[in-house]
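**Student:** Input: one structure, supplied below.
The values are calculated or read from the model by the stated rules, or taken from the named source; none is laboratory data. Source: prediction; values computed, not measured. Areas reflect the complete protein model, heavy atoms only, side chains present, ligands, DNA and RNA absent. Shrake-Rupley method; radii C 1.70, N 1.55, O 1.52, S 1.80 Å.
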Amino acid sequence: MVKIILFLIPMFLYGGTDLYKIGKNLYFSKGCSGCHGISASGTNLYPALAHRRQPFLASKLKNYRAKQGTTQQSQMMIPFAMGLSDKEIDALTTFLSEYHEGRSNYKSDTSTRGDGGS
């Protein structure tokens with residue numbers, strides 16, 4: 001019985017829709033791909049987001065949402081993050097941390113650092 005309830009809670013909270021798919025839709029509809037790239041691999045000016053640890057990404061987005069940016073580049077994220085709900089942050093970070101678009105065999109981040117480095 002407990003297993004059934006634990007299975008149903010995410011379905012109830014998110015309408016049974018896969019968080020990864022919701023996060024993917026948010027990533028493109030909110031314009032994240034414009035700076036961080038279509039594959040979330042970053043650009044010359046903006047960091048890669050794919051395969052980073054979910055708690056690290058969520059912490060960053062919540063700080064930006066609270067208007068906390070320590071650099072000029074991070075302050076640019078504030079307007080994008082201000083309108084995000086906790087559920088949307090969860091979906092976005094699920095998509096980014098589990099990113100597997102167009103790759104049949106990818107290496108996930110196994111480092112102990114939150115930034116995806118070794």
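**Student:** May I ask you to give the percent of accessible area on region 26-65 that is carbon plus sulfur, with a probe radius of 1.4 Å? Walk me through the intermediate numbers first.
**Tutor:** On the way: 1220 of 2160 Å².
Summing carbon and sulfur atoms, their accessible area is 57 percent of the total for region 26-65.
**Student:** What list of ³J(HN,Hα) couplings, whole Hz, do you get for region 45-55 from phi and the Karplus terms 6.51, -1.76, 1.60, once you set θ to phi - 60° and write x for glycine and proline?
**Tutor:** Couplings: 9, 10, x, 5, 10, 5, 6, 7, 5, 4, x Hz.
**Student:** A further question follows. Please list, ordered by chain and number, the residues whose modelled amide H lies under 5 Å from the amide H of Y99; skip anything fewer than 5 residues away on the same chain.
**Tutor:** Amide H neighbours of Y99: H51.
**Student:** Compute the length gained on full extension between Y46 and F80: take 0.36 nm times their separation in residues and subtract their Cα-Cα distance, giving the result in nm to one decimal. The partial results should precede the final answer.
**Tutor:** Working: separation 34, 0.36 × 34 = 12.24 nm, distance 1.43 nm.
Between Y46 and F80, full extension yields an extra 10.8 nm.
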